[in-house]
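Just below is one structure, and these are the notes that go with it.
The values are calculated or read from the model by the stated rules, or taken from the named source; none is laboratory data. It should be emphasised that the depicted structure is a prediction, and the values quoted were computed from it without experimental measurement. When we count neighbours, we look across all protein chains shown, and the Cβ atoms used for this are built from the backbone with ideal geometry, even at glycine. The protein model used for the area step is the full one, side chains on, heavy atoms only, and it has no ligands, DNA or RNA in it. Shrake-Rupley method; radii C 1.70, N 1.55, O 1.52, S 1.80 Å.
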Amino acid sequence: MPQGSRPASSTPPRRHPAAGAPHNRRRTILIAGALIVSGGVVAGIVLGGEGSADPEATSVTAATPIAAPATPPTTAPSIDVPGSLWWIVNGERPLPAGYVPADLVTPDVPIDPQASSIQLSAPASAAFEAMVADAATAGFRLQLNSGYRSQEAQQELYDRSVDDYGEEVARQRVALPGTSEHQTGLSVDVGEVGLPLDQVFGDTAASQWVQDNAHRFGFIVRYPPDKAAITGYANEPWHLRYVGTELASTFHASGLTMEEYFHLPPAGGSG
Ligand code: DAL
Ligand code: ZN
């Protein structure tokens with residue numbers, strides 16, 4: 001099971017967009033809002049400079065009706081909850097045994113003809129499709145090399161890697177069954193059409209484009225070259241993890257890994 005809940009680290013340091021905005025008491029801020037009464041009548045209201053409602057205030061500002069949200073706000077992503085956008089899986093934080101995502105789909109993108117693990121969790125799939133389409137406009141033909149892998153598929157991959165390279169090297173490259181991000185459905189190995197080997201992807205211009213742009217679609221390069229002692233794995237420029245655009249942009253700007261950002265202990269036992 002994943003490690004226990006970490007209240008302090010589950011809430012990342014997030015800057016409120018309004019933080020640091022200059023405050024001018026002499027300026028009246030007019031905010032058009034919606035007042036929805038039981039009959040569904042919408043009327044404009046004016047809020048004073050301190051944000052308190054002032055029913056006496058007069059204003060000629062035309063009210064802009066704001067629709068009430070159709071659904072309540074979603075709960076914040078969690079690093080501990082399986083399936084959550086920010087769920088952290090690593091060598092120290094295994095998945096629940098036999099975990100299978102409920103929303104697997106096959107993205108409409110080029111796929112390595114040799115690939116057998118070609119599905120992704122629905123939000124990751126949509127984001128990957130968008131990224132592949134955008135890369136195409138920049139002249140790069142990206143493809144899916146590996147997506148969701150069942151625990152059994154991961155076992156086969158791991159066993160094959162041990163046979164080919166020995167256990168020490170295998171542990172740096174392939175997650176132990178039950179601890180692979182691929183089992184979440186939120187990770188994808190990206191490649192270039194006609195270039196099925198992961199190991200050479202990092203030398204391509206397509207890889208550079210991915211490094212520079214993946215965050216715009218909510219992906220991070222999960223195992224950067226200089227963070228093996230923290231992530232547990234050697235450089236994998238092809239291994240992307242979907243975390244949503246907010247967190248991906250933060251990571252892109254900071255260079256932090258998920259473990260660092262959420263103050264988790266290094267998962268570098270194997271690397
Ligand atoms: N190659 C990554 C670490 C995995 O097997 O999940
Ligand atoms: Zn991978």
*asked:* Please list, in order along region 251-261, the HN-Hα scalar couplings obtained from phi with the Karplus expression 6.51 cos²θ - 1.76 cosθ + 1.60 (θ = phi - 60°), rounded to whole Hz, x for Gly and Pro.
replied: 5, 4, 6, 9, x, 7, 8, 4, 4, 5, 4
*In whole Hz, what ³J(HN,Hα) sequence does region 207-216 give by Karplus (6.51, -1.76, 1.60; θ = phi - 60°), x for Gly and Pro?*
4, 4, 4, 4, 4, 7, 10, 4, 4, 5
*What shape does region 164-204 have by the C-alpha gyration tensor, where a ≥ b ≥ c are the square roots of the eigenvalues, rounded means a/c under 1.5, and otherwise prolate means a/b greater than b/c and oblate the rest?*
oblate
*Considering only protein heavy atoms and a 1.4 Å probe, what is the carbon-and-sulfur percentage of the accessible area of region 104-261?*
49
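Classify region 70-204 as rounded, prolate or oblate from the Cα gyration tensor: take a ≥ b ≥ c as the square roots of its eigenvalues, call it rounded if a/c is under 1.5, otherwise prolate when a/b beats b/c and oblate if not.
oblate
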*Roll a 1.4 Å probe over the protein chains and send me the accessible area per residue for region 104-261 in Å².*
42
_For region 182-194, 3J(HN,Hα) per residue [Karplus equation, 6.51 cos²θ - 1.76 cosθ + 1.60, θ = phi - 60°, Hz, x = Gly/Pro]_ = 4, 6, 6, x, 9, 10, 9, 8, 9, x, 10, 4, x
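Contour minus end-to-end for residue 100 and residue 254, with contour as 0.36 nm per residue of separation and end-to-end as the Cα-Cα distance?
Difference between extended and current length: 52.3 nm.
Length gain on complete extension for the stretch residue 208 to residue 263, per 0.36 nm per residue less the alpha carbon to alpha carbon distance?
Difference between extended and current length: 17.0 nm.
Rank 160, 149, 93 by accessible area, highest first, at a 1.4 Å probe radius? Walk me through the numbers on the way to the answer.
Numbers: 160 130, 149 30, 93 5 Å².
If we order 160, 149, 93 from most to least accessible, we get 160, 149, 93.
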*asked:* Quick query: amide H of residue 192 versus all other amide H atoms, modeled in the peptide plane; which residues come in under 5 Å with a sequence gap of 5 or more or a different chain?
replied: 143
*Using only the Cα atoms of region 124-172, build the gyration tensor, take square roots of its eigenvalues as a ≥ b ≥ c, and label the shape rounded, prolate or oblate: rounded if a/c is under 1.5, else prolate if a/b is larger than b/c, else oblate.*
prolate
*Between residue 226 and residue 197, what is the FRET efficiency for a Förster distance of 22 Å, r being their Cβ-Cβ separation, to the nearest 0.05?*
0.45
